[in-house]
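The values are calculated or read from the model by the stated rules, or taken from the named source; none is laboratory data. Note that the structure is predicted; figures quoted are calculated from it, not measured. Cβ atoms come from the backbone with ideal geometry, glycine included; neighbour counts cover every protein chain shown. With ligands, DNA and RNA removed, areas are computed over all heavy atoms of the protein, side chains included. Shrake-Rupley method; radii C 1.70, N 1.55, O 1.52, S 1.80 Å.
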Amino acid sequence: QQWAVGWAGHMAAQGLSGDLMFAQRPAAVAVLVAGETVAPGTEGHWSLSLLAHWQQQGVPVLRLHAQPVVAPSGAVPAEQAPTLLRCADAEDEAQQASAVILNAVLAERERGEAALPVALLALDRSAVRRMRAVLEGAGVRLADETGWRLSTTRAASALTRLVRAARPEATTEDWLDWLKSGWLPQEVDANGQSVVVADATAVFEAHCRKHQVLQAWAAHEDKQLPEVARVLVTWVQGVLAALHGRWLARGGRLSEWLLALQAALQSSGAWQVCQSDEAGWAAWQAVSGADATPDALAASPEAVPGAWAGLADKTRLDGHRFVRWVSDVMEATVFRPASPEQPDVVITTLARATLRPFAALVMPGGHLGQLGALEPVDPWLSGSWARSLNLSTPSERRAMQWEAWALLMHQPHMSCLVREGQGSEPLSPSPWLSQWSQTQGVALQPGTEPRQSQAVTVAPAGRPAPVLRPGLVPTRLTATAYEALRDCPYRYFAAHVLGLRSQDELEEGVDHADHGTWLHEVLRRFHTLRGQWPEGLSRAEALALWLRCVNEVAQEQGLTHAATRPYFAPYLADAERLGEVYLDWLATHEREGWQVQWMEHRVEAELRADMDGPLRLHGQIDRMDQAGSADGTRHVLIDYKTGNLTRLKAKVRTPDEDTQLAFYALLAQEAPPAQRGGAELPDVQAGYLHMHRDEVTLVPHDDVAETAQRLQQAIAVDWRRMQAGLGLAALGEGPACAHCEHAGLCRKAHWPVAVAATVSAADGGEA
């Protein structure tokens, strides 16, 4: 039925009558078909109707059906028998099939004008796509008679992304997907300003990822948006205005949607690309039903031409249905690119390959489940029902496939490739291979390796150890950077010298960093407003102040917006309980004489050590408390943590492995008096304040002043080594490598065992 409707529609579009062939009266008619099976709806069935009609008119008719000739056993020479190539997996199959085709093409090119194309039988489309890429890379001229779904083309992707970007709820990722589709001019203008699309898109993306800007249509309201990105956003809003208006109108006629889509393409500059690109014009024709040429359409752009112009005026769709309709049209349309006049390789099906001359035939996918596989049974139309309605049945279609394949197997230079496995699943050859061999009395010959071997000298990947030239050694250092250096020098080089960073994900929700930033500001504001305890406020008043700070900071940081509120709700639900346990800890802490001296303080100091150049330490200390006693003023440096308490305790159990608190203690000791509140900190204490809804715990770092002095010496040694030109080797182990963003650069998994087990003097010498 689909074939009949499609054929009738095509004939009507061409202005031809459906019974034109029946009106012909030739002198004689001869029809040649492959095999004896005649299935309703096929060309063979249609030809029988014509022959019967012409015979009634007295026209001589002749119908011939080609069949393979069964040769006596041993009569077929081995060199003419089909070959069977066994492949390990899909990639091996694609490589071997491509090699067979290339060898045949080279042999045919030597024949000059008498050359015939090579047939690639498309049983497995995924394998054919891989082979097509290999063959096109080798300069082979291809003619694809099977085509592929229009939805897989770049043009279809650009159209669907454009429509999705116009949605009122479109995210910045939707805009970025469209802006990166490649269907835009190099430069665009908005409000008298010109920007380069690629550069402006990069700035816009970096800003959105850093500040988690998710709602695209609200991006222009962001006061921190860079000017070049603001120009781009203004231009995008103008381009999408027509489509966006249809979304806001909650739908309209299909013709209105198509005109809005055409307007968006024209205003964005993508219309010229659509007209010049073969797949692009096919995509527009599929969506609009246009049968005019690009020049004819340009002459009358005010209306949507096409086969269903009348239907488009009557059909109403909302935005979501229009998006789904466009996707369905792209998925249902087959795109066949134009073929060269003299192709080297023809990609075709079994039925279309029969009775045609080819220099060689290559058939990948000869394994069980692919060659001769039964078609899925239509749940609404069984075989008996199809037969009673004069429709083809699965058994008839399978018989036609067998007859076509049997004819092809008798052609010279036929190569069948069988995959022995797909991932962890073993595969076996199709039963059709042995069945054909037994019925025809011809044994399949094992094929030889078609690929040419090439000797390659193995060059193992060594441990990278980049050297910093004089003047490139960093002169500023943070606790995070030095911890990266201690974990793995190469990680420090990649992240803090080269400045390599992974891009933040654009996603809804709240991550650990958002929670930490919120909690730090809540604690700072609470202590700023609260003053001294217990003289200032009662416990109930302090808890009320805590909750006030919780809600104010959450609102200021955008954590109560519609997009983030559901994800931040658990933290707000725990806020009151967290405030209660924190006030309990604070009461005990202050009864011991401790008072907050300052919070969230940026400190910078120059490291006093024997080095060739200056090195400044800098960072932000969460909190410094002080307490007076008979022995003088004591100070404790506090860093807030919300992670695993057991890991924190294990971290401070070996003080020299705890970089952060020791670094902050050294920073506080070396900082100018004005930066540390004017106090001397020779015996500063330090600890992690673990914040949890069940309990607030101070995890002390014992003897942090001594640890800080040892850290100072270690930093000086490391910097002297870098200044001397020693390599920053990739020495990470354990967790440092398990969660490293730069593992693809050092490629530790590819090092030889001998290299990975030793550290040369050039790689660093002393650890």
Note to self: Tell me the residue from 396, 331 that is under 28 Å from residue 65 (Cβ atoms) and in a helix (DSSP H, G or I), please.
What the structure shows: 396
Next item on the list: Give the residues of the stretch 196-217 that are of a type in the set (Val, Ile, Thr) and without any contact (Cβ under 8 Å) to a residue 40 or more places away in the chain, sorted by residue number.
Entry: 196, 197, 201, 203
Margin query: Cβ-Cβ distance below 7 Å, separation of 6 or more or different chains: which pairs start in the stretch 384-400 with a residue that is farther than 19 Å from residue 49 by Cβ and free of Cβ contacts under 8 Å to residues at least 60 places away in the same chain and end on one that is aromatic (Phe, Trp, Tyr) and open to solvent by less than 70 Å² (accessible area, probe 1.4 Å)?
Written below: none
Note to self: Tell me whether the stretch 360-379 contains one or more residues that are buried (at least 20 other Cβ atoms within 10 Å of the Cβ) and either more than 35 Å from the chain's Cα centre (by Cα) or over 27 Å from residue 81 (Cα atoms) (or both).
What the structure shows: yes
Next item on the list: Any chance you could count how many residues in the stretch 165-214 are closer than 29 Å to residue 283 by Cα and among the polar types (S, T, N, Q)?
Entry: 5
Checklist line | Any chance residue 56 is over 30 Å from residue 438 (Cβ atoms), open to solvent by 50 Å² or more (accessible area, probe 1.4 Å) and at pLDDT below 90 | finding: yes
Item checked: Selection count, the stretch 407-422, where residues are aliphatic (A, V, I, L, M) and more than 36 Å from the chain's Cα centre (by Cα) -> 4
Margin query: Anything in the stretch 544-589 that is over 33 Å from the mean Cα position of the chain (by Cα), more than 14 Å from residue 521 (Cα to Cα) and open to solvent by 30 Å² or more (accessible area, probe 1.4 Å)? List them, or say none.
Written below: 544, 572, 573, 574, 576, 577, 580, 584, 585, 588
Notebook entry, point to check: Pick from 253, 246, 316: which is of a type outside the set (Asp, Glu), more than 22 Å from residue 153 (Cα to Cα), buried (at least 19 other Cβ atoms within 10 Å of the Cβ) and modelled with pLDDT of 85 or more?
Noted result: 246
Check: Of the residues in the stretch 176-196, how many are more than 19 Å from residue 216 (Cα to Cα) and open to solvent by 30 Å² or more (accessible area, probe 1.4 Å)?
Finding: 10
Check: Limited to the stretch 156-190, what total is found for residues that are more than 18 Å from the chain's Cα centre (by Cα), in a loop (DSSP other than H, G, I, E, B) and within 21 Å of residue 272 (Cα to Cα)?
Finding: 5
Margin query: Checking the conditions here, which among 483, 521 is open to solvent by 10 Å² or more (accessible area, probe 1.4 Å) and under 30 Å from residue 172 (Cα atoms)?
Written below: 521
Note to self: Looking only at residues that are open to solvent by less than 50 Å² (accessible area, probe 1.4 Å) and assigned to a loop (DSSP other than H, G, I, E, B) in the stretch 273-302, which one is modelled with the highest pLDDT?
What the structure shows: 289
Next item on the list: Report, by residue number, each residue of the stretch 700-710 that is open to solvent by less than 10 Å² (accessible area, probe 1.4 Å) and not polar (S, T, N, Q).
Entry: 701, 704, 708
Note to self: Can you tell me how many residues within the stretch 112-148 are hydrophobic (A, V, I, L, M, F, W, C), in a loop (DSSP other than H, G, I, E, B) and open to solvent by 50 Å² or more (accessible area, probe 1.4 Å)?
What the structure shows: 2
Next item on the list: Please work out if residue 417 is in contact with a Pro (Cβ under 6 Å, 6 or more places away or on another chain) and not small (Gly, Ala, Ser).
Entry: yes
Margin query: Show the residue pairs meeting these rules: Cβ distance below 8 Å; 6+ apart or different chains; first residue within the stretch 164-175 and in contact (Cβ under 8 Å) with a residue 60 or more places away in the chain and open to solvent by 50 Å² or more (accessible area, probe 1.4 Å); second residue among the hydrophobic types (A, V, I, L, M, F, W, C) and in a loop (DSSP other than H, G, I, E, B).
Written below: 164/170; 173/506
Margin query: Restricting to the stretch 590-613, count the residues that are open to solvent by less than 80 Å² (accessible area, probe 1.4 Å) and over 21 Å from residue 641 (Cβ atoms).
Written below: 7
Note to self: Here is a check on your reading of the model: is residue 731 part of a loop (DSSP other than H, G, I, E, B), under 27 Å from residue 464 (Cα atoms) and under 43 Å from the mean Cα position of the chain (by Cα)?
What the structure shows: yes
Margin query: Considering only the stretch 251-261, I want to know if a residue exists there that is of a type in the set (Phe, Trp, Tyr), over 27 Å from the mean Cα position of the chain (by Cα) and more than 21 Å from residue 274 (Cβ to Cβ).
Written below: no
Next item on the list: Take the stretch 218-232 and flag every residue that is under 12 Å from residue 200 (Cβ atoms), free of Cβ contacts under 8 Å to residues at least 24 places away in the same chain and open to solvent by less than 40 Å² (accessible area, probe 1.4 Å).
Entry: 225
Checklist line | Where residue 46 falls short, out of the listed (1) surrounded by 14 or more Cβ atoms within 10 Å (Cβ to Cβ); (2) modelled with pLDDT of 90 or more | finding: (2)
Next item on the list: Quickly run through the stretch 334-372 and pick out the residues that are part of a loop (DSSP other than H, G, I, E, B), of a type in the set (A, V, I, L, M) and under 30 Å from residue 108 (Cα atoms).
Entry: 338, 355, 359, 371
Item checked: Failed criterion for residue 632 (all others in (1) open to solvent by less than 60 Å² (accessible area, probe 1.4 Å); (2) touching a residue at least 40 places away in the same chain (Cβ under 8 Å) hold) -> (2)
Notebook entry, point to check: Would it be correct to say that residue 476 is of a type in the set (D, E, K, R) and more than 35 Å from the chain's Cα centre (by Cα)?
Noted result: yes
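Quick grid of which residues meet (1) in contact with a strand residue (DSSP E or B) (Cβ under 7 Å, 6 or more places away or on another chain); (2) at pLDDT 90 or above; (3) under 24 Å from residue 416 (Cβ atoms):
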site	(1), (2), (3)
118	yes, yes, yes
133	no, yes, yes
145	yes, yes, yes
163	no, yes, no
196	yes, yes, no
213	no, no, no
Check: Among (1) modelled with pLDDT under 90; (2) surrounded by 19 or more Cβ atoms within 10 Å (Cβ to Cβ), where does residue 683 come up short?
Finding: (2)
Margin query: Looking only at the stretch 424-461, filter to residues that are out of contact with any Phe, Trp or Tyr (no Cβ under 7 Å at 6 or more places or on another chain) and over 30 Å from residue 371 (Cβ atoms); which one of those is modelled with the lowest pLDDT?
Written below: 460
